[in-house]
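What follows is a single structure, written as structure tokens, with notes after it.
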Amino acid sequence: MWTTQAQFADYIFLLARTDPDAPKHAGISYLLVPMHQPGIEVRPIEQVDGSAEFNEVFFSNARCPKENVVGGVNNGWKVAMTTLGFERGSSATTGHRRFQRELDTIIAAARENGKSRDPLIRQRLAAAWSKVKIMEINGYRSLTDTLNGTHHMAALGRPTR
């Protein structure tokens with residue numbers, strides 16, 4: 001669910017239980033599944049603006065070659081947490097900039113058409129500004145983790161027993 005740009009993907013990663021007798025976070029493998037095969041259906045999730053960047057992906061008897069196991073059989077949770085750590089690190093450190101540019105454009109338009117004087121619009125713009133700032137601060141936290149080798153941000157996704 002909510003797989004970004006799945007309609008354009010050649011592969012998708014999938015966590016699959018490969019050892020049903022293993023403890024909770026063991027016995028999971030990280031697979032790179034080819035998307036262009038029978039048994040994979042991608043359904044776009046249409047947003048209010050008509051875009052459909054997110055998708056649901058359904059698997060029905062789809063296959064994955066054993067060569068596409070990443071990090072070894074039953075080691076998928078560790079690979080997934082490493083992937084998540086990198087994703088949080090790279091996109092989180094700079095991702096806020098795109099949103100800041102978009103927000104700056106919206107604020108400029110609101111000033112230009114006089115909507116920036118409307119208290120409700122001002123409140124919404126302030127809320128959006130706060131969210132962008134939170135993204136920026138979290139990006140700095142992630143970057144600091146990377147530079148210090150602490151990886152605390154990646155640890156947020158670590159399972160508890």
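The values are calculated or read from the model by the stated rules, or taken from the named source; none is laboratory data. This is a predicted model, so every value here is computed, not measured. Note that we place each Cβ from the backbone using ideal geometry, even for glycine, and neighbour counts take in every protein chain shown. The accessibility values were calculated without ligands, DNA or RNA, using every heavy atom of the protein model including side chains. Shrake-Rupley method; radii C 1.70, N 1.55, O 1.52, S 1.80 Å.
This table checks each residue for (1) more than 22 Å from the chain's Cα centre (by Cα); (2) open to solvent by less than 40 Å² (accessible area, probe 1.4 Å); (3) of a type outside the set (S, T, N, Q); (4) modelled with pLDDT of 95 or more.
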| residue | (1), (2), (3), (4) |
| --- | --- |
| Ile107 | yes, yes, yes, yes |
| Lys131 | no, no, yes, no |
| Thr146 | no, no, no, no |
| Leu156 | no, no, yes, no |
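Quick one: would you say Thr93 is modelled with pLDDT under 90, out of contact with any helix residue (DSSP H, G or I) (no Cβ under 7 Å at 6 or more places or on another chain), under 30 Å from Val132 (Cβ atoms) and among the β-branched types (Val, Ile, Thr)?
no
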Filtered residues of the range 53-77 (kept if over 13 Å from Leu14 (Cβ atoms) and in a strand (DSSP E or B)): Phe54, Asn55, Glu56
Criterion violated by Val48 - all others in (1) modelled with pLDDT of 90 or more; (2) closer than 20 Å to Gln5 by Cβ satisfied: (1)
All positions within the range 9-25 that are assigned to a loop (DSSP other than H, G, I, E, B) and open to solvent by 70 Å² or more (accessible area, probe 1.4 Å): Asp10, Pro20, Asp21, Pro23, Lys24
Residue pairs meeting the criteria (Cβ under 6 Å; at least 6 apart or on separate chains; first assigned to a helix (DSSP H, G or I), in the range 134-155; second at pLDDT 70 or above): Met135/His96; Glu136/His96; Gly139/His96; His152/Asp145; Met153/Ser142; Met153/Asp145
From the options Pro34, Pro23, Pro38, residue that is at pLDDT 95 or above and out of contact with any strand residue (DSSP E or B) (no Cβ under 9 Å at 6 or more places or on another chain): Pro38
Sole exception among (1) at pLDDT 85 or above; (2) open to solvent by less than 100 Å² (accessible area, probe 1.4 Å) for Glu112, by number: (2)
Near pairs, Cβ below 6 angstrom, 6+ apart or cross-chain, from the range 54-67 (under 13 Å from Pro38 (Cα atoms)) to any residue that is open to solvent by 80 Å² or more (accessible area, probe 1.4 Å) and part of a strand (DSSP E or B): Phe58/Glu41
Inter-residue pairs, beta-carbon under 6 Å, first touching a residue at least 12 places away in the same chain (Cβ under 8 Å) and in the range 21-41, second small (Gly, Ala, Ser) and loosely packed, with under 11 Cβ neighbours inside 10 Å, 6+ apart: Gly39/Ser60
